[in-house]
1. Eigenvalues of the Cα gyration tensor times 5, then square-rooted: what semi-axes does that give for region 25-77, in whole angstrom, largest first?
2. Full-extension gain between Lys98 and Ile173, please, as 0.36 nm times their residue separation minus the C-alpha to C-alpha distance.
3. Filter the GluC sites (Glu not before Pro) in region 29-138 down to the DSSP loop ones having no more than 13 other Cβ atoms within 10 Å, then list what survives.
4. Express in nm, to one decimal, how much length is gained between Thr31 and Glu164 on full extension, taking 0.36 nm for each residue of separation and deducting their alpha carbon distance.
5. Work out Dmax and Rg for region 30-113 from the C-alpha atoms and quote the Rg first, both in angstrom.
6. For Lys145 and Ser122, calculate 0.36 nm times their separation in residues minus their Cα-Cα distance, and state this gained length in nm to one decimal.
7. Quick one: compute the contact order of region 40-185, relative version, from alpha carbon pairs under 8 angstrom and 6+ residues apart, as a percent.
8. Going through the cross-link list Lys142/Lys195; Lys98/Lys145; Lys142/Lys201; Lys127/Lys153, which pairs have a Cα-Cα distance over 20 Å in this structure?
Amino acid sequence: VVVSHPGSGVSAAFTIPATLKDERTKIPDATRGAFWMRRGERLRNDCEWSSARASAEEALPLVRDAEDLERTARLLARLRLFPAAMDAAARLEEKAPKTHAALMRSHEMREAHLSTLDLTASSWTFKAPKGYEGTSIWVKVKDGKGDNIAAFKPTNGNTYHRGEIFTWRMAQILGIEALYPVTVRTTLDKRGCDKLVAALKAIKYEGPKEQN
(Lines give C-alpha, C1' and ligand atoms only; values in the text may rest on other atoms or scores of the structure.)
Protein backbone atom coordinates (compact mmCIF):
# COMPACT_ATOMS: atom_id res chain seq x y z
CA VAL A 1 0.00 0.00 0.00
CA VAL A 2 1.37 3.41 -0.94
CA VAL A 3 0.13 6.57 0.80
CA SER A 4 1.03 10.07 -0.40
CA HIS A 5 0.04 13.51 0.87
CA PRO A 6 -1.03 15.91 -1.92
CA GLY A 7 1.40 18.77 -2.40
CA SER A 8 3.93 17.48 0.12
CA GLY A 9 5.90 15.21 -2.18
CA VAL A 10 6.08 12.75 0.70
CA SER A 11 4.88 9.20 0.27
CA ALA A 12 5.06 6.14 2.46
CA ALA A 13 4.90 2.52 1.41
CA PHE A 14 3.94 -0.23 3.81
CA THR A 15 2.46 -3.70 3.68
CA ILE A 16 -0.72 -4.76 5.43
CA PRO A 17 0.97 -7.75 7.18
CA ALA A 18 3.70 -5.49 8.56
CA THR A 19 1.09 -3.02 9.76
CA LEU A 20 -0.89 -5.73 11.52
CA LYS A 21 2.22 -6.85 13.38
CA ASP A 22 2.94 -3.31 14.57
CA GLU A 23 1.72 -3.10 18.17
CA ARG A 24 1.17 0.64 17.74
CA THR A 25 -1.57 -0.04 15.18
CA LYS A 26 -4.97 0.12 16.87
CA ILE A 27 -6.54 -2.89 15.17
CA PRO A 28 -8.53 -5.41 17.25
CA ASP A 29 -7.00 -8.85 17.63
CA ALA A 30 -10.07 -10.49 16.08
CA THR A 31 -9.62 -8.38 12.94
CA ARG A 32 -5.94 -9.24 12.78
CA GLY A 33 -6.70 -12.91 13.21
CA ALA A 34 -9.36 -12.89 10.48
CA PHE A 35 -6.89 -11.25 8.11
CA TRP A 36 -4.14 -13.80 8.78
CA MET A 37 -6.61 -16.66 8.45
CA ARG A 38 -7.91 -15.47 5.07
CA ARG A 39 -4.39 -14.74 3.89
CA GLY A 40 -3.38 -18.28 4.85
CA GLU A 41 -6.32 -19.73 2.91
CA ARG A 42 -5.32 -17.76 -0.18
CA LEU A 43 -1.66 -18.74 0.09
CA ARG A 44 -2.59 -22.40 0.50
CA ASN A 45 -4.78 -22.24 -2.60
CA ASP A 46 -1.76 -20.79 -4.41
CA CYS A 47 0.39 -23.69 -3.11
CA GLU A 48 2.63 -21.36 -1.13
CA TRP A 49 2.82 -23.81 1.74
CA SER A 50 5.48 -22.19 3.91
CA SER A 51 3.87 -18.75 3.83
CA ALA A 52 0.43 -20.28 4.37
CA ARG A 53 1.66 -22.07 7.50
CA ALA A 54 3.20 -18.87 8.85
CA SER A 55 -0.07 -16.97 8.29
CA ALA A 56 -2.16 -19.72 9.89
CA GLU A 57 0.10 -19.72 12.95
CA GLU A 58 -0.21 -15.93 13.18
CA ALA A 59 -4.01 -16.26 13.07
CA LEU A 60 -4.33 -18.96 15.73
CA PRO A 61 -3.88 -16.87 18.92
CA LEU A 62 -5.88 -13.94 17.51
CA VAL A 63 -9.10 -15.33 16.04
CA ARG A 64 -12.10 -15.02 18.33
CA ASP A 65 -15.51 -15.83 16.85
CA ALA A 66 -16.72 -19.36 16.10
CA GLU A 67 -16.68 -19.05 12.32
CA ASP A 68 -13.07 -17.82 12.22
CA LEU A 69 -11.98 -20.48 14.72
CA GLU A 70 -13.53 -23.21 12.58
CA ARG A 71 -11.93 -21.91 9.39
CA THR A 72 -8.58 -21.55 11.13
CA ALA A 73 -8.77 -25.12 12.46
CA ARG A 74 -9.59 -26.48 8.98
CA LEU A 75 -6.76 -24.44 7.45
CA LEU A 76 -4.25 -25.71 10.01
CA ALA A 77 -5.44 -29.28 9.44
CA ARG A 78 -5.05 -28.94 5.66
CA LEU A 79 -1.53 -27.70 6.26
CA ARG A 80 -0.80 -30.77 8.45
CA LEU A 81 -0.41 -28.66 11.59
CA PHE A 82 -2.59 -31.02 13.59
CA PRO A 83 -1.64 -29.98 17.17
CA ALA A 84 -2.38 -26.35 16.30
CA ALA A 85 -5.65 -27.39 14.62
CA MET A 86 -6.64 -29.21 17.81
CA ASP A 87 -5.88 -26.04 19.80
CA ALA A 88 -8.28 -24.05 17.62
CA ALA A 89 -10.84 -26.87 17.86
CA ALA A 90 -10.69 -26.84 21.68
CA ARG A 91 -11.42 -23.12 21.73
CA LEU A 92 -14.25 -23.63 19.24
CA GLU A 93 -15.84 -26.27 21.50
CA GLU A 94 -16.34 -23.66 24.21
CA LYS A 95 -18.18 -21.33 21.82
CA ALA A 96 -20.06 -23.70 19.49
CA PRO A 97 -20.18 -27.37 20.58
CA LYS A 98 -22.22 -28.53 17.58
CA THR A 99 -19.87 -26.84 15.13
CA HIS A 100 -16.95 -28.41 17.00
CA ALA A 101 -18.50 -31.88 16.70
CA ALA A 102 -18.94 -31.43 12.94
CA LEU A 103 -15.37 -30.17 12.64
CA MET A 104 -13.95 -33.21 14.41
CA ARG A 105 -15.81 -35.47 11.96
CA SER A 106 -14.52 -33.55 8.96
CA HIS A 107 -12.17 -35.12 6.45
CA GLU A 108 -9.63 -32.33 7.04
CA MET A 109 -9.23 -33.18 10.71
CA ARG A 110 -9.29 -36.95 10.16
CA GLU A 111 -6.69 -36.79 7.40
CA ALA A 112 -4.44 -34.51 9.47
CA HIS A 113 -4.77 -36.89 12.42
CA LEU A 114 -3.90 -39.96 10.36
CA SER A 115 -0.92 -38.17 8.82
CA THR A 116 0.57 -37.59 12.28
CA LEU A 117 0.25 -41.18 13.54
CA ASP A 118 3.52 -42.90 14.37
CA LEU A 119 2.54 -46.52 13.86
CA THR A 120 5.82 -47.71 15.36
CA ALA A 121 5.03 -46.15 18.75
CA SER A 122 4.11 -48.49 21.59
CA SER A 123 0.77 -46.72 22.05
CA TRP A 124 -0.52 -48.18 18.77
CA THR A 125 -1.17 -51.85 18.16
CA PHE A 126 -2.09 -53.90 15.10
CA LYS A 127 -5.01 -56.32 15.23
CA ALA A 128 -5.42 -58.71 12.32
CA PRO A 129 -8.74 -60.33 11.34
CA LYS A 130 -9.31 -64.02 11.95
CA GLY A 131 -8.42 -65.05 8.41
CA TYR A 132 -7.69 -63.92 4.87
CA GLU A 133 -9.17 -65.15 1.61
CA GLY A 134 -7.71 -62.86 -1.05
CA THR A 135 -4.27 -61.46 -1.76
CA SER A 136 -4.71 -58.15 0.12
CA ILE A 137 -3.52 -57.98 3.71
CA TRP A 138 -4.81 -55.45 6.21
CA VAL A 139 -4.83 -54.91 9.96
CA LYS A 140 -6.74 -52.66 12.32
CA VAL A 141 -4.82 -49.91 14.08
CA LYS A 142 -5.90 -49.62 17.73
CA ASP A 143 -5.06 -47.01 20.33
CA GLY A 144 -4.16 -47.62 23.97
CA LYS A 145 -7.85 -47.96 24.90
CA GLY A 146 -8.41 -50.64 22.28
CA ASP A 147 -10.49 -48.38 20.03
CA ASN A 148 -10.15 -48.72 16.26
CA ILE A 149 -8.38 -45.72 14.74
CA ALA A 150 -7.70 -46.82 11.18
CA ALA A 151 -6.98 -49.73 8.89
CA PHE A 152 -3.44 -50.30 7.59
CA LYS A 153 -2.96 -52.04 4.23
CA PRO A 154 0.67 -52.82 3.37
CA THR A 155 1.75 -53.00 -0.24
CA ASN A 156 2.69 -56.45 -1.48
CA GLY A 157 3.29 -58.18 -4.80
CA ASN A 158 -0.39 -58.09 -5.74
CA THR A 159 -1.58 -54.97 -3.94
CA TYR A 160 -0.81 -51.37 -4.83
CA HIS A 161 -2.60 -48.40 -3.37
CA ARG A 162 -2.14 -45.78 -6.06
CA GLY A 163 -5.77 -46.28 -7.09
CA GLU A 164 -7.15 -45.69 -3.59
CA ILE A 165 -5.00 -42.61 -3.10
CA PHE A 166 -5.96 -41.21 -6.52
CA THR A 167 -9.66 -41.83 -5.79
CA TRP A 168 -9.41 -40.00 -2.47
CA ARG A 169 -7.61 -37.03 -3.99
CA MET A 170 -10.10 -36.76 -6.85
CA ALA A 171 -13.00 -36.97 -4.38
CA GLN A 172 -11.53 -34.01 -2.51
CA ILE A 173 -11.18 -32.00 -5.73
CA LEU A 174 -14.77 -32.81 -6.76
CA GLY A 175 -16.17 -32.11 -3.30
CA ILE A 176 -17.49 -35.65 -2.76
CA GLU A 177 -14.94 -36.76 -0.16
CA ALA A 178 -17.74 -37.84 2.20
CA LEU A 179 -18.32 -40.84 -0.08
CA TYR A 180 -14.80 -42.27 0.34
CA PRO A 181 -12.60 -43.25 3.29
CA VAL A 182 -9.78 -40.90 4.23
CA THR A 183 -6.61 -42.36 2.68
CA VAL A 184 -3.02 -41.38 3.51
CA ARG A 185 0.34 -42.93 2.73
CA THR A 186 2.68 -44.01 5.49
CA THR A 187 5.75 -46.17 5.94
CA LEU A 188 6.95 -48.55 8.64
CA ASP A 189 10.47 -48.85 9.96
CA LYS A 190 11.88 -52.15 11.26
CA ARG A 191 10.04 -51.85 14.58
CA GLY A 192 6.78 -51.26 12.79
CA CYS A 193 7.38 -54.17 10.42
CA ASP A 194 8.19 -56.46 13.34
CA LYS A 195 4.95 -55.42 15.03
CA LEU A 196 3.00 -56.08 11.82
CA VAL A 197 4.57 -59.52 11.34
CA ALA A 198 3.78 -60.43 14.95
CA ALA A 199 0.11 -59.52 14.40
CA LEU A 200 -0.04 -61.69 11.27
CA LYS A 201 1.76 -64.79 12.54
CA ALA A 202 -1.28 -66.53 13.98
CA ILE A 203 -3.58 -65.72 11.06
CA LYS A 204 -4.83 -68.51 8.84
CA TYR A 205 -4.98 -68.06 5.07
CA GLU A 206 -8.31 -69.44 3.84
CA GLY A 207 -8.16 -68.61 0.14
CA PRO A 208 -6.85 -70.53 -2.90
CA LYS A 209 -3.35 -71.91 -2.56
CA GLU A 210 -1.20 -69.52 -4.49
CA GLN A 211 2.15 -67.91 -3.91
CA ASN A 212 1.92 -64.30 -2.81
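The values are calculated or read from the model by the stated rules, or taken from the named source; none is laboratory data. All values reported here derive from a predicted model rather than from experimental measurement. For neighbour counting, all protein chains shown are included, and Cβ atoms are generated from backbone atoms with ideal geometry for every residue, glycine included. Only protein heavy atoms, including side chains, enter the accessible area calculation; ligands, DNA and RNA are left aside. Shrake-Rupley method; radii C 1.70, N 1.55, O 1.52, S 1.80 Å.
1. 18, 12, 8
2. Values: separation 75, 0.36 × 75 = 27.00 nm, distance 2.60 nm.
In short, 24.4 nm is gained.
3. The qualifying sites are Glu133.
4. So the chain would gain 43.8 nm between Thr31 and Glu164.
5. 11.3, 32
6. 7.0 nm
7. 14 percent
8. Lys98/Lys145
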